[in-house]
Amino acid sequence: MRNNLIIKNIGELVTCSGFTSKKGSEMQELHILKDVSIIVEKGVIKEIISSKEQLGCDFENYEIIDAEGCCVLPGFVDSHTHFIFSGYREEEFYLRVKGTSYMEIMKRGGGIANTVNNTREASKEELIELGKRRLDDMLKMGITTVEGKSGYGLDLNTEVLQLKAMKDLDKSHAVDIVSTFLGAHALPKEYTGRKKEYLDFIINEVLPIVTNEELAEFCDVFCEKNVFEVDESRYLLERAKSMGMKLKLHADEIEGIGGTELACELKAVSADHLLQASDNGIKALAASNTIATLLPCTAFSLKESYARGRKMIDEGCAVALATDFNPGSCFTQSIPLLIALACYNMNLSLEEVINALTINGAAALNREKIIGSIDKGKQADLIILKYPSYKFMLYNLGTNIVNKVIKKGVLVKEN
Ligand code: NIG
Ligand code: FE
(Lines give C-alpha, C1' and ligand atoms only; values in the text may rest on other atoms or scores of the structure.)
(Ligands and ions follow the chains in the order given, each with its own letter.)
Protein backbone atom coordinates (compact mmCIF):
# COMPACT_ATOMS: atom_id res chain seq x y z
CA MET A 1 0.00 0.00 0.00
CA ARG A 2 2.70 2.45 1.05
CA ASN A 3 3.84 4.65 -1.81
CA ASN A 4 1.52 2.89 -4.27
CA LEU A 5 -0.58 5.51 -6.00
CA ILE A 6 -2.76 6.04 -9.03
CA ILE A 7 -3.39 9.55 -10.29
CA LYS A 8 -6.33 9.33 -12.65
CA ASN A 9 -8.07 11.84 -14.93
CA ILE A 10 -4.97 13.88 -15.69
CA GLY A 11 -6.06 16.36 -18.38
CA GLU A 12 -2.56 17.43 -19.35
CA LEU A 13 0.62 15.66 -18.28
CA VAL A 14 3.75 17.77 -18.70
CA THR A 15 6.43 15.08 -18.55
CA CYS A 16 9.62 17.09 -19.35
CA SER A 17 10.69 13.59 -20.41
CA GLY A 18 14.39 12.75 -20.40
CA PHE A 19 17.30 11.43 -18.40
CA THR A 20 19.82 14.11 -19.36
CA SER A 21 19.81 17.90 -19.23
CA LYS A 22 18.07 19.73 -22.09
CA LYS A 23 20.31 22.07 -24.08
CA GLY A 24 19.44 24.95 -26.37
CA SER A 25 16.36 24.33 -28.52
CA GLU A 26 15.62 21.06 -26.64
CA MET A 27 14.48 23.28 -23.79
CA GLN A 28 11.40 24.20 -25.81
CA GLU A 29 10.06 20.63 -25.68
CA LEU A 30 7.78 19.62 -22.78
CA HIS A 31 6.61 16.19 -24.10
CA ILE A 32 2.95 16.60 -23.15
CA LEU A 33 0.46 13.74 -22.91
CA LYS A 34 -3.31 14.30 -22.77
CA ASP A 35 -5.92 12.37 -20.76
CA VAL A 36 -3.75 9.89 -18.93
CA SER A 37 -3.32 8.19 -15.58
CA ILE A 38 -0.05 7.55 -13.74
CA ILE A 39 0.59 4.37 -11.80
CA VAL A 40 3.18 4.62 -9.02
CA GLU A 41 4.57 1.62 -7.16
CA LYS A 42 6.85 1.90 -4.13
CA GLY A 43 7.33 5.60 -4.83
CA VAL A 44 8.50 5.05 -8.41
CA ILE A 45 6.62 5.78 -11.65
CA LYS A 46 5.59 2.39 -13.01
CA GLU A 47 3.41 3.30 -15.96
CA ILE A 48 1.61 6.09 -17.76
CA ILE A 49 -1.57 4.90 -19.48
CA SER A 50 -4.36 6.49 -21.46
CA SER A 51 -7.43 7.28 -19.32
CA LYS A 52 -9.46 5.02 -21.63
CA GLU A 53 -7.30 1.98 -20.85
CA GLN A 54 -8.32 -0.38 -18.06
CA LEU A 55 -6.05 -0.23 -15.04
CA GLY A 56 -4.41 -3.65 -14.97
CA CYS A 57 -3.87 -3.69 -11.23
CA ASP A 58 -5.67 -4.32 -7.98
CA PHE A 59 -7.07 -0.97 -6.77
CA GLU A 60 -7.09 -2.03 -3.17
CA ASN A 61 -3.35 -1.75 -2.90
CA TYR A 62 -3.24 1.81 -4.21
CA GLU A 63 -4.05 5.26 -2.98
CA ILE A 64 -6.17 6.96 -5.67
CA ILE A 65 -6.10 10.66 -6.48
CA ASP A 66 -8.50 12.12 -9.03
CA ALA A 67 -6.76 14.99 -10.87
CA GLU A 68 -10.17 16.08 -12.22
CA GLY A 69 -8.78 17.01 -15.62
CA CYS A 70 -6.07 19.26 -14.21
CA CYS A 71 -2.46 19.57 -15.23
CA VAL A 72 0.30 17.46 -13.63
CA LEU A 73 4.01 18.29 -13.76
CA PRO A 74 7.25 17.02 -12.20
CA GLY A 75 7.96 18.55 -8.76
CA PHE A 76 10.20 21.60 -8.97
CA VAL A 77 13.91 21.23 -8.22
CA ASP A 78 15.26 24.39 -6.58
CA SER A 79 18.96 23.83 -7.25
CA HIS A 80 20.44 26.90 -5.54
CA THR A 81 19.47 28.17 -2.07
CA HIS A 82 21.05 29.17 1.22
CA PHE A 83 18.10 28.26 3.47
CA ILE A 84 19.94 27.44 6.72
CA PHE A 85 20.74 30.69 8.54
CA SER A 86 19.72 32.75 11.54
CA GLY A 87 18.84 36.44 11.61
CA TYR A 88 17.29 38.71 8.99
CA ARG A 89 18.56 41.66 6.96
CA GLU A 90 15.41 43.54 6.04
CA GLU A 91 17.21 46.90 6.49
CA GLU A 92 19.51 46.06 3.56
CA PHE A 93 16.57 45.65 1.19
CA TYR A 94 15.18 48.94 2.40
CA LEU A 95 18.54 50.64 1.69
CA ARG A 96 18.91 48.99 -1.72
CA VAL A 97 15.58 50.27 -2.90
CA LYS A 98 16.85 53.74 -2.00
CA GLY A 99 20.00 53.15 -4.07
CA THR A 100 22.74 51.56 -1.90
CA SER A 101 24.34 48.62 -3.71
CA TYR A 102 24.90 45.07 -2.39
CA MET A 103 28.68 45.52 -2.39
CA GLU A 104 28.43 48.92 -0.69
CA ILE A 105 26.36 47.36 2.12
CA MET A 106 28.95 44.57 2.39
CA LYS A 107 31.80 47.11 2.68
CA ARG A 108 29.93 48.86 5.50
CA GLY A 109 30.01 45.62 7.52
CA GLY A 110 26.54 44.39 6.60
CA GLY A 111 26.01 41.62 4.13
CA ILE A 112 27.17 38.04 4.64
CA ALA A 113 29.17 38.98 7.79
CA ASN A 114 25.94 40.05 9.46
CA THR A 115 24.32 36.64 8.92
CA VAL A 116 27.56 34.90 9.96
CA ASN A 117 27.43 36.66 13.35
CA ASN A 118 23.84 35.55 13.91
CA THR A 119 24.31 32.01 12.63
CA ARG A 120 27.37 31.44 14.84
CA GLU A 121 25.12 32.23 17.83
CA ALA A 122 22.42 29.73 16.84
CA SER A 123 22.05 26.17 18.11
CA LYS A 124 21.50 23.20 15.83
CA GLU A 125 17.92 22.94 17.12
CA GLU A 126 17.22 26.56 16.17
CA LEU A 127 18.69 26.08 12.71
CA ILE A 128 16.59 22.94 12.23
CA GLU A 129 13.39 24.69 13.37
CA LEU A 130 14.01 27.64 11.03
CA GLY A 131 14.95 25.29 8.20
CA LYS A 132 11.81 23.22 8.72
CA ARG A 133 9.53 26.25 8.38
CA ARG A 134 11.32 27.32 5.21
CA LEU A 135 11.04 23.81 3.74
CA ASP A 136 7.30 23.83 4.54
CA ASP A 137 6.96 27.04 2.50
CA MET A 138 8.92 25.51 -0.38
CA LEU A 139 6.73 22.41 -0.43
CA LYS A 140 3.64 24.61 -0.81
CA MET A 141 5.25 26.02 -3.97
CA GLY A 142 5.70 22.52 -5.38
CA ILE A 143 9.43 22.27 -4.65
CA THR A 144 10.18 18.61 -3.97
CA THR A 145 14.00 18.75 -3.99
CA VAL A 146 16.14 21.64 -2.81
CA GLU A 147 19.84 22.36 -2.67
CA GLY A 148 21.10 24.10 0.46
CA LYS A 149 24.49 25.63 1.17
CA SER A 150 26.58 26.23 4.25
CA GLY A 151 28.59 29.46 4.21
CA TYR A 152 27.16 31.37 7.16
CA GLY A 153 29.60 29.89 9.66
CA LEU A 154 33.01 30.38 8.07
CA ASP A 155 34.45 28.42 11.01
CA LEU A 156 34.67 24.68 11.47
CA ASN A 157 31.90 24.29 14.05
CA THR A 158 29.23 26.41 12.42
CA GLU A 159 29.89 25.19 8.88
CA VAL A 160 29.55 21.61 10.11
CA LEU A 161 26.46 22.56 12.16
CA GLN A 162 24.73 23.99 9.08
CA LEU A 163 25.49 20.85 7.09
CA LYS A 164 24.36 18.56 9.92
CA ALA A 165 21.12 20.53 10.28
CA MET A 166 20.44 19.85 6.59
CA LYS A 167 21.27 16.16 7.01
CA ASP A 168 18.74 15.88 9.86
CA LEU A 169 16.11 17.80 7.90
CA ASP A 170 16.64 15.59 4.86
CA LYS A 171 15.66 12.60 7.00
CA SER A 172 12.67 14.22 8.70
CA HIS A 173 11.14 16.41 5.97
CA ALA A 174 9.35 15.45 2.76
CA VAL A 175 11.52 17.76 0.66
CA ASP A 176 14.79 16.07 -0.36
CA ILE A 177 17.89 18.14 0.41
CA VAL A 178 21.17 18.17 -1.51
CA SER A 179 23.95 19.77 0.52
CA THR A 180 26.72 22.05 -0.68
CA PHE A 181 29.74 23.21 1.30
CA LEU A 182 30.31 26.95 0.78
CA GLY A 183 33.07 27.68 3.28
CA ALA A 184 34.50 30.15 0.75
CA HIS A 185 31.46 32.41 0.86
CA ALA A 186 33.33 35.36 2.39
CA LEU A 187 36.52 35.98 4.34
CA PRO A 188 35.66 35.83 8.07
CA LYS A 189 36.79 38.87 10.08
CA GLU A 190 39.34 36.88 12.10
CA TYR A 191 41.21 36.16 8.83
CA THR A 192 41.29 39.78 7.59
CA GLY A 193 44.31 40.20 5.31
CA ARG A 194 45.02 36.43 5.40
CA LYS A 195 42.94 35.02 2.56
CA LYS A 196 45.42 32.30 1.57
CA GLU A 197 45.56 31.10 5.19
CA TYR A 198 41.77 30.93 5.29
CA LEU A 199 41.67 28.86 2.09
CA ASP A 200 44.33 26.53 3.54
CA PHE A 201 42.28 26.22 6.72
CA ILE A 202 39.27 25.16 4.64
CA ILE A 203 41.35 22.73 2.60
CA ASN A 204 43.28 21.17 5.48
CA GLU A 205 40.83 21.30 8.36
CA VAL A 206 37.26 21.61 7.14
CA LEU A 207 37.07 19.74 3.83
CA PRO A 208 38.46 16.46 5.25
CA ILE A 209 35.66 16.42 7.84
CA VAL A 210 33.02 17.38 5.29
CA THR A 211 34.11 14.59 2.95
CA ASN A 212 34.82 11.89 5.56
CA GLU A 213 31.47 12.40 7.26
CA GLU A 214 29.70 12.81 3.89
CA LEU A 215 28.18 16.11 4.96
CA ALA A 216 28.07 17.65 1.49
CA GLU A 217 28.12 16.46 -2.08
CA PHE A 218 29.17 19.74 -3.72
CA CYS A 219 31.79 22.39 -3.00
CA ASP A 220 30.93 25.94 -4.03
CA VAL A 221 32.80 29.27 -3.87
CA PHE A 222 31.75 32.93 -4.16
CA CYS A 223 34.10 33.67 -7.08
CA GLU A 224 33.89 37.45 -7.20
CA LYS A 225 36.10 40.50 -7.35
CA ASN A 226 37.31 41.32 -3.82
CA VAL A 227 35.82 38.10 -2.45
CA PHE A 228 37.58 35.04 -3.94
CA GLU A 229 39.24 35.82 -7.26
CA VAL A 230 39.52 33.31 -10.12
CA ASP A 231 42.94 31.96 -9.07
CA GLU A 232 41.91 31.65 -5.44
CA SER A 233 38.70 29.87 -6.43
CA ARG A 234 40.64 27.49 -8.69
CA TYR A 235 43.08 26.75 -5.84
CA LEU A 236 40.25 25.67 -3.53
CA LEU A 237 38.05 23.91 -6.07
CA GLU A 238 40.84 21.78 -7.54
CA ARG A 239 41.56 20.44 -4.08
CA ALA A 240 37.89 19.87 -3.30
CA LYS A 241 37.58 17.96 -6.57
CA SER A 242 40.60 15.81 -5.79
CA MET A 243 38.85 14.90 -2.50
CA GLY A 244 35.86 13.62 -4.48
CA MET A 245 33.52 16.59 -4.32
CA LYS A 246 31.45 17.82 -7.25
CA LEU A 247 31.73 21.51 -8.00
CA LYS A 248 29.51 24.59 -8.21
CA LEU A 249 30.48 28.26 -8.49
CA HIS A 250 28.85 31.58 -7.74
CA ALA A 251 30.31 33.05 -10.92
CA ASP A 252 30.33 36.50 -12.52
CA GLU A 253 27.50 37.77 -10.32
CA ILE A 254 28.52 41.39 -9.70
CA GLU A 255 31.61 41.78 -11.93
CA GLY A 256 32.61 39.67 -14.93
CA ILE A 257 36.00 38.23 -13.91
CA GLY A 258 35.99 34.91 -15.78
CA GLY A 259 34.23 32.73 -13.22
CA THR A 260 32.09 31.20 -15.96
CA GLU A 261 35.16 30.09 -17.90
CA LEU A 262 36.67 28.69 -14.69
CA ALA A 263 33.52 26.62 -14.05
CA CYS A 264 33.83 25.08 -17.52
CA GLU A 265 37.58 24.52 -17.16
CA LEU A 266 37.00 22.62 -13.88
CA LYS A 267 34.01 20.72 -15.33
CA ALA A 268 31.79 22.06 -12.57
CA VAL A 269 28.29 20.59 -12.50
CA SER A 270 26.88 24.13 -12.52
CA ALA A 271 27.90 27.76 -12.81
CA ASP A 272 25.44 30.02 -11.01
CA HIS A 273 24.26 33.65 -11.26
CA LEU A 274 26.21 34.60 -14.46
CA LEU A 275 24.81 38.14 -14.65
CA GLN A 276 28.08 39.38 -16.10
CA ALA A 277 29.15 36.24 -18.00
CA SER A 278 31.13 37.26 -21.10
CA ASP A 279 30.40 36.15 -24.68
CA ASN A 280 33.36 33.77 -24.36
CA GLY A 281 32.01 32.44 -21.10
CA ILE A 282 28.67 31.69 -22.76
CA LYS A 283 30.43 29.92 -25.64
CA ALA A 284 32.41 27.84 -23.16
CA LEU A 285 29.20 26.91 -21.33
CA ALA A 286 27.48 25.88 -24.55
CA ALA A 287 30.42 23.59 -25.40
CA SER A 288 30.48 22.03 -21.92
CA ASN A 289 28.25 19.89 -19.71
CA THR A 290 28.12 22.60 -17.07
CA ILE A 291 24.59 23.80 -16.32
CA ALA A 292 24.01 27.57 -16.37
CA THR A 293 21.93 28.16 -13.24
CA LEU A 294 20.19 31.54 -13.39
CA LEU A 295 18.60 33.28 -10.42
CA PRO A 296 16.28 36.04 -11.67
CA CYS A 297 14.79 36.85 -8.24
CA THR A 298 18.31 37.84 -7.10
CA ALA A 299 18.96 40.12 -10.06
CA PHE A 300 15.57 41.70 -9.38
CA SER A 301 16.24 42.16 -5.63
CA LEU A 302 19.73 43.56 -6.29
CA LYS A 303 18.37 45.91 -8.98
CA GLU A 304 20.96 44.45 -11.38
CA SER A 305 20.45 43.51 -15.02
CA TYR A 306 19.45 39.89 -15.61
CA ALA A 307 21.74 37.11 -16.79
CA ARG A 308 21.56 36.73 -20.58
CA GLY A 309 19.43 33.61 -20.46
CA ARG A 310 17.91 34.11 -23.91
CA LYS A 311 21.35 34.29 -25.53
CA MET A 312 22.56 31.31 -23.49
CA ILE A 313 19.73 29.08 -24.71
CA ASP A 314 20.04 30.39 -28.29
CA GLU A 315 23.73 29.48 -28.20
CA GLY A 316 22.99 25.95 -26.96
CA CYS A 317 23.50 26.10 -23.18
CA ALA A 318 21.52 24.03 -20.66
CA VAL A 319 19.85 26.58 -18.37
CA ALA A 320 18.41 25.85 -14.93
CA LEU A 321 16.46 28.37 -12.85
CA ALA A 322 16.51 28.53 -9.06
CA THR A 323 15.35 30.89 -6.31
CA ASP A 324 18.70 31.55 -4.50
CA PHE A 325 16.60 31.93 -1.34
CA ASN A 326 18.92 33.57 1.23
CA PRO A 327 18.79 36.35 3.84
CA GLY A 328 20.82 38.93 1.93
CA SER A 329 20.43 39.11 -1.82
CA CYS A 330 17.10 37.34 -2.35
CA PHE A 331 14.67 36.57 0.45
CA THR A 332 11.99 34.77 -1.53
CA GLN A 333 11.02 31.20 -2.24
CA SER A 334 8.44 32.29 -4.77
CA ILE A 335 8.29 30.10 -7.85
CA PRO A 336 5.47 32.27 -9.35
CA LEU A 337 7.68 35.38 -9.10
CA LEU A 338 10.59 33.49 -10.62
CA ILE A 339 8.44 32.33 -13.54
CA ALA A 340 7.15 35.86 -14.19
CA LEU A 341 10.65 37.40 -14.15
CA ALA A 342 12.13 34.69 -16.36
CA CYS A 343 9.35 34.99 -18.94
CA TYR A 344 8.76 38.74 -18.97
CA ASN A 345 12.21 40.13 -18.16
CA MET A 346 14.58 37.47 -19.49
CA ASN A 347 12.48 36.56 -22.52
CA LEU A 348 12.44 32.85 -21.87
CA SER A 349 9.40 30.90 -23.02
CA LEU A 350 7.23 29.22 -20.39
CA GLU A 351 8.29 25.82 -21.77
CA GLU A 352 11.98 26.72 -21.30
CA VAL A 353 11.24 27.92 -17.77
CA ILE A 354 9.49 24.67 -16.84
CA ASN A 355 12.36 22.54 -18.13
CA ALA A 356 14.77 24.85 -16.29
CA LEU A 357 12.88 24.25 -13.03
CA THR A 358 12.60 20.48 -13.41
CA ILE A 359 14.92 18.31 -15.51
CA ASN A 360 17.68 20.93 -15.77
CA GLY A 361 17.39 21.74 -12.05
CA ALA A 362 17.83 18.01 -11.43
CA ALA A 363 20.87 17.97 -13.74
CA ALA A 364 22.36 20.89 -11.79
CA LEU A 365 22.27 18.54 -8.79
CA ASN A 366 23.51 15.51 -10.71
CA ARG A 367 20.12 13.81 -10.24
CA GLU A 368 18.73 13.90 -13.78
CA LYS A 369 18.49 10.10 -13.86
CA ILE A 370 16.17 9.89 -10.84
CA ILE A 371 14.09 13.09 -10.65
CA GLY A 372 13.12 16.11 -12.78
CA SER A 373 10.78 14.42 -15.25
CA ILE A 374 7.78 12.09 -15.38
CA ASP A 375 9.25 8.98 -16.91
CA LYS A 376 8.94 5.30 -16.09
CA GLY A 377 11.49 4.42 -13.43
CA LYS A 378 11.82 7.93 -11.99
CA GLN A 379 10.91 8.87 -8.45
CA ALA A 380 7.23 9.94 -8.28
CA ASP A 381 7.72 13.59 -7.29
CA LEU A 382 4.72 15.33 -8.85
CA ILE A 383 2.53 18.39 -8.57
CA ILE A 384 -1.10 18.79 -9.53
CA LEU A 385 -2.20 22.28 -10.53
CA LYS A 386 -5.56 23.90 -9.89
CA TYR A 387 -6.04 24.39 -13.65
CA PRO A 388 -6.12 22.21 -16.78
CA SER A 389 -3.04 23.65 -18.48
CA TYR A 390 0.54 24.60 -17.56
CA LYS A 391 -0.12 27.92 -19.33
CA PHE A 392 -1.99 29.10 -16.22
CA MET A 393 1.39 29.26 -14.47
CA LEU A 394 2.11 32.38 -16.48
CA TYR A 395 -1.46 33.58 -16.86
CA ASN A 396 -2.26 33.62 -13.12
CA LEU A 397 0.60 36.03 -12.51
CA GLY A 398 2.43 35.92 -9.18
CA THR A 399 0.02 33.34 -7.78
CA ASN A 400 0.76 29.87 -6.50
CA ILE A 401 -1.57 27.56 -8.42
CA VAL A 402 -0.14 24.31 -7.05
CA ASN A 403 -3.00 22.28 -5.59
CA LYS A 404 -1.38 19.00 -4.47
CA VAL A 405 2.23 17.91 -4.01
CA ILE A 406 3.24 14.26 -4.19
CA LYS A 407 6.64 13.08 -2.97
CA LYS A 408 7.82 9.54 -3.68
CA GLY A 409 4.23 8.54 -4.40
CA VAL A 410 2.74 10.04 -1.23
CA LEU A 411 0.46 13.08 -1.03
CA VAL A 412 2.46 15.40 1.22
CA LYS A 413 0.79 18.75 0.68
CA GLU A 414 -2.63 20.03 -0.25
CA ASN A 415 -3.02 23.80 -0.63
O1 NIG B 1 23.89 33.83 -3.93
N2 NIG B 1 26.50 36.02 -3.66
C3 NIG B 1 26.73 35.34 -2.71
N4 NIG B 1 25.89 34.63 -1.97
C5 NIG B 1 24.49 34.83 -1.91
C6 NIG B 1 24.09 35.99 -1.06
C7 NIG B 1 24.51 35.79 0.33
C8 NIG B 1 24.09 36.88 1.28
O9 NIG B 1 24.08 38.08 0.93
O10 NIG B 1 23.81 36.49 2.43
C11 NIG B 1 23.92 34.88 -3.32
O12 NIG B 1 23.49 35.92 -3.81
FE1 FE C 1 23.69 31.98 -3.89
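The figures follow:
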item: The listed residue being within 16 Å of ligand 1 (Cβ to nearest atom) and of a type in the set (A, V, I, L, M, F, W, C), out of 299, 342, 380; result: 299
item: Condition met for residue 279 (of a type in the set (Asp, Glu) and within 25 Å of residue 185 (Cα to Cα)); result: no
item: Tally, over region 277-316, of residues that are surrounded by 21 or more Cβ atoms within 10 Å (Cβ to Cβ) and polar (S, T, N, Q); result: 4
item: Helices (runs of 4 or more DSSP H) enclosed by region 334-408 - at least 2 residues per element that are buried (at least 24 other Cβ atoms within 10 Å of the Cβ) and of a type outside the set (A, V, I, L, M, F, W, C); result: 350-357, 359-363
item: Filtered residues of region 314-333 (kept if among the small types (Gly, Ala, Ser), assigned to a loop (DSSP other than H, G, I, E, B) and within 16 Å of ligand 2 (Cβ to nearest atom)); result: 322, 328, 329
item: Scope region 71-124; condition more than 14 Å from ligand 2 (Cβ to nearest atom), open to solvent by 10 Å² or more (accessible area, probe 1.4 Å), among the aromatic types (Phe, Trp, Tyr) and in contact with a helix residue (DSSP H, G or I) (Cβ under 8 Å, 6 or more places away or on another chain); matching residues; result: 93
item: Any hit, region 337-354, residues being under 19 Å from residue 16 (Cα atoms), over 17 Å from the mean Cα position of the chain (by Cα) and aromatic (Phe, Trp, Tyr); result: no
item: Residue match in region 319-331 (condition: of a type in the set (Ser, Thr, Tyr), open to solvent by 20 Å² or more (accessible area, probe 1.4 Å) and within 16 Å of ligand 1 (Cβ to nearest atom)); result: no
item: Meets criteria (within 11 Å of ligand 1 (Cβ to nearest atom) and either touching a strand residue (DSSP E or B) at 6+ places or on another chain (Cβ under 7 Å) or in the same structural domain as residue 222 (by TED's automatic domain parsing) (or both)) for residue 110; result: yes
item: Members of region 237-252 found to be more than 15 Å from ligand 1 (Cβ to nearest atom) and crowded, with 22+ Cβ neighbours inside 10 Å, listed by number; result: 237, 240, 247
item: Selection status of residue 39, more than 16 Å from ligand 2 (Cβ to nearest atom), within 27 Å of the chain's Cα centre (by Cα), crowded, with 17+ Cβ neighbours inside 10 Å and not assigned by TED's automatic domain parsing to the domain that holds residue 161; result: no
item: Index of the failed condition, residue 216 passing every other in (1) more than 30 Å from residue 99 (Cβ to Cβ); (2) away from ligand 2 (no atom under 16 Å from the Cβ); result: (2)
item: Cross-chain or 6+ apart pairs with Cβ under 7 Å, region 159-173 first and in the same structural domain as residue 214 (by TED's automatic domain parsing), then modelled with pLDDT of 95 or more and among the acidic types (Asp, Glu); result: 170/176
item: Single residue of region 27-73 satisfying the filter (among the small types (Gly, Ala, Ser) and outside any loop (DSSP other than H, G, I, E, B)) that is farthest from residue 373 (Cα to Cα); result: 50
item: Where a residue in region 292-320 is on the phi > 0 side of the Ramachandran plot and its partner, wherever it lies, is part of a helix (DSSP H, G or I) and open to solvent by less than 10 Å² (accessible area, probe 1.4 Å), with Cβ under 8 Å and at least six apart; result: 303/96; 316/24
item: Hits in region 344-400 - residues which are free of Cβ contacts under 8 Å to residues at least 24 places away in the same chain and among the hydrophobic types (A, V, I, L, M, F, W, C); result: 370
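To keep it simple, each residue is scored yes or no on (1) surrounded by fewer than 17 Cβ atoms within 10 Å (Cβ to Cβ); (2) in contact (Cβ under 8 Å) with a residue 40 or more places away in the chain; (3) within 16 Å of ligand 2 (Cβ to nearest atom).
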{"site": "207", "(1), (2), (3)": "no, no, no"}
{"site": "231", "(1), (2), (3)": "yes, no, no"}
{"site": "235", "(1), (2), (3)": "no, no, no"}
{"site": "254", "(1), (2), (3)": "no, yes, yes"}
{"site": "260", "(1), (2), (3)": "no, no, yes"}
{"site": "267", "(1), (2), (3)": "yes, no, no"}
{"site": "274", "(1), (2), (3)": "no, no, yes"}
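The values are calculated or read from the model by the stated rules, or taken from the named source; none is laboratory data. In this text the structure is predicted, and so the values were computed from the model without any measurement. In this analysis, Cβ positions are derived from the backbone assuming ideal geometry, glycine residues included, and neighbour counts consider all displayed protein chains. Note: areas computed on protein heavy atoms with side chains; ligands, DNA, RNA excluded. Shrake-Rupley method; radii C 1.70, N 1.55, O 1.52, S 1.80 Å.
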